[in-house]
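Please read the structure below before turning to the comments.
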Amino acid sequence: MPDTVLYDKDGHIVTITYNRPGRRNAINRRMREALNAAWLRFRDDEDAWVAILTGSGKAFCAGADVKDGGAAGTFAGTFWEKPTINSFESGLELFKPTIAAVNGPCLGYGLACQHSTGGY
C-alpha cells in the first residue's frame with residue numbers, strides 16, 4: 001500500500017504531498033495521521049526552514065473522505081472533530097513559513113488544511 005503522504009527534504013526545503021490521487025487526495029484517517037506526523041517532523045527539524053504542501057494527481061485535495069468517518073479513540077466526537085495539527089483548533093503552531101502549492105481543486109476539509117498551514 002503506498003504512503004498517503006510523501007515527505008521530501010531538499011536542502012532546507014520540505015515538500016509534503018497528499019498522495020491519494022485515486023481518491024483525489026481526500027483525507028482519510030490514515031492520511032490524517034500521516035499528515036500530523038509530517039508536520040511534526042517538519043516543525044521539529046531545525047534544518048528544515050520552509051515547507052511546501054501540494055497534492056499528487058489532478059486535485060490538490062477533495063476534502064474529508066466521508067467513507068472513513070469513524071470515532072477517534074476516547075475523544076468525545078468523530079475523528080474529524082478531534083483537534084490535530086492540521087485543524088484550526090489544534091493549538092499547535094508552526095512558526096516556520098509554509099506554502100500551499102494548490103495544483104487543482106481544493107474543497108472542504110482540504111481548504112482548512114491548506115489554510116492552517118499558512119498557505120493562501
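The values are calculated or read from the model by the stated rules, or taken from the named source; none is laboratory data. Keep in mind the model is a prediction, meaning the values are calculated, not measured. Note that we place each Cβ from the backbone using ideal geometry, even for glycine, and neighbour counts take in every protein chain shown.
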Please give the number of the condition Asn19 fails out of (1) more than 11 Å from the chain's Cα centre (by Cα); (2) at pLDDT 85 or above.
-> (1)
Val66 meets each of (1) on the phi < 0 side of the Ramachandran plot; (2) at pLDDT below 90; (3) buried (at least 16 other Cβ atoms within 10 Å of the Cβ) with one exception, condition (3)
Evaluate segment 45-54: report whether one residue or more is farther than 20 Å from Asn103 by Cα, surrounded by fewer than 20 Cβ atoms within 10 Å (Cβ to Cβ), at pLDDT 60 or above and among the β-branched types (Val, Ile, Thr).
-> no
Taking segment 32-47 only, how many residues are farther than 12 Å from Ile16 by Cα and not acidic (Asp, Glu)?
-> 2
Picking from Thr84, Thr74, Thr98, Thr78, which residue would you name as being β-branched (Val, Ile, Thr), closer than 21 Å to Asp3 by Cβ and modelled with pLDDT under 85?
-> Thr84
Residue list for segment 11-37, restricted to those being surrounded by fewer than 21 Cβ atoms within 10 Å (Cβ to Cβ), within 15 Å of Ile99 (Cα to Cα) and not hydroxyl-bearing (Ser, Thr, Tyr) | His12, Ile13
